[in-house]
Amino acid sequence: NLVARQAGSEEITRWLDGVNAALVIPEARVIYTSRGDERYLALDMDTWQPLGHIPFYCVHTLDRARQRLYATDRSTLLVLRGRGGQPLPPERAQPLDRLSSAEQILVSPDYAADQTLWVAGGGMVARSTDGGQSWIRLGGGLPTLQAHPLSYTLSVSPAYAQDRTLFAAISAGDSIGYGVYRSTDGGDTWQPVWDGLSHLCVREVTLSPRYAQDSTLIAHTAYHRLSPPADSGEAMFRSTDRGAHWVLVATRSMADASAPALPSAAELLGTSPLVRLMRRDYGEVVRTTDGGRTWETVLLAPEGQFIQQVVAVPELAESREAY
């Protein structure tokens, strides 16, 4: 957790979960948050927006007057500028001959014309533009970690053929959050879109079917508040400007057992079908035909196996197709 308090009191003025404050340099207006002992993420102190990554060094002394950091790298003494020097260059896309795992498969809405697929899994995101015959591992600013492989959940714009837009919800477990990243060139380059997103352990991003017209999307997040009052739960955020700004629209605390379930993203977008499928606890798929009032089990995974993903065609009520 990153928490700001009013000077001279315990009043919390701002709170962000999914990051920490490993080092704060007021004179440089920068906050460094550690990312799994591999690199630091630099945040602007005023906006809490990411400035970029720098290599991880063992920092032992801060000279505030000169805005210098003294650090060690094995037996070498390093002197670093207070704002961390140049950010790490984005990793380039690399050919990939083997996928270690596939946790999500995403198909381009314009697949018949562009033959494009994306796969997330094994701490990476890969893309194919020839129907799966060959793959590249995407970089271009998409964050990666080695010690704690990141979890990516991808979403694609319904108007991908025109806007080439993708979103990635990114986290590492329950403590390291990367929020939402957006690409407007099919995954070649990525930028974080955090403004207003106070919970960075994002599980999923859902785009409006009318995204090209209304620019609306929903982010489903988990949160763990460490500062008093301690709390955990889940929340929904809405953006109406393609992710540039977010507004909290629903929260459910685990401390309140009687609290109603969060609305689905489809309900918040005004597109909830009468028939809806949902994965429950990774091993079960349930279905509702009355808008969520009652549910029935339609699929149980064999013992020791898990359901990763459920995809239904948009007109589920009429076609009754799901995968």
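The values are calculated or read from the model by the stated rules, or taken from the named source; none is laboratory data. This structure is a prediction, so every number in the text was calculated from the model and none was measured. Cβ atoms come from the backbone with ideal geometry, glycine included; neighbour counts cover every protein chain shown. Please note that ligands, DNA and RNA were not included when accessible areas were found on the heavy atoms of the full protein model with its side chains. Shrake-Rupley method; radii C 1.70, N 1.55, O 1.52, S 1.80 Å.
General observations
- Over the chain, the Kirkwood radius and the radius of gyration, each from Cα atoms, give a ratio Rg/Rh of 0.99.
- Cα gyration tensor, segment 16-126 - rounded (a/c under 1.5), prolate or oblate: prolate
- Given a 1.4 Å probe and the protein chains as shown, Glu284 ends up with an accessible area of around 40 Å².
- Here the 3J(HN,Hα) profile of segment 298-305, calculated from phi with Karplus coefficients 6.51, -1.76 and 1.60 at θ = phi - 60°, is 10, 7, 10, 6, x, 4, x, 10 Hz, Gly and Pro shown as x.
- Cβ crowding within 10 Å averaged over residues, with 244-256, 67-79, 160-172, 28-40 ranked highest first: 160-172, 28-40, 244-256, 67-79
- Calculated mean residue ellipticity, 222 nm, the chain: -1000 deg cm²/dmol, from DSSP H runs (n ≥ 4) at -39500 (n - 2.57) each, averaged per residue and rounded to 500.
- Between Leu138, Leu300, Leu200, the GNM of the chain built on Cα springs shorter than 10 angstrom shows Leu300 fluctuating the most.
- When the charge dipole of the chain is built from unit charges on Cβ atoms (+1 for Lys and Arg, -1 for Asp and Glu) and taken about the Cα centre, the candidate among Val119, Leu99, Ile31 whose Cα reaches farthest toward its positive end is Ile31.
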